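Just so it is clear, none of the values below were taken in a lab; they were calculated from the coordinates. Everything numeric in this text was worked out from a predicted model, so none of it was measured. Backbone-built Cβ (ideal geometry, glycine too); neighbour counts: all protein chains shown.
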Amino acid sequence: MSGKRVELLRRLRGLSQKEMGMAIGLSQTHVSALETGQRKVPSVEVERLCRALNCRLDDLIGAEGSITITFTSNPSTRPPQDDPAPEADTV
């Protein structure tokens with residue numbers, strides 16, 4: 001598994017290294033080490049990575065070459081909607 005692939009999937013998900021680390025139980029430093037190839041991914045972490053990145057194992061290890069991405073609606077990550085300006089009260 002390529003660290004660059006992990007980084008690509010993380011960025012596509014809009015996660016920081018810290019956020020991904022929290023999702024899989026690692027520090028930001030460990031996530032950085034994974035992405036730069038300084039640290040190998042133990043098999044026990046692969047499943048957690050797939051869940052955190054919402055991807056298939058094939059996507060993570062690059063078995064098919066392409067990546068399948070499924071986006072879900074998450075209210076906390078939606079861009080803010082333009083709210084109309086409140087009407088002024090007159091007295």
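Among the residues of the range 1-43, those that are buried (at least 17 other Cβ atoms within 10 Å of the Cβ), touching a residue at least 12 places away in the same chain (Cβ under 8 Å) and not hydrophobic (A, V, I, L, M, F, W, C) comprise G3, R5, E7, R10, R13, Q17, S32, E35.
Taking the criterion of being assigned to a helix (DSSP H, G or I) and touching a residue at least 12 places away in the same chain (Cβ under 8 Å), the residues of the range 44-58 that qualify are E45, V46, R48, L49, R51, A52, L53.
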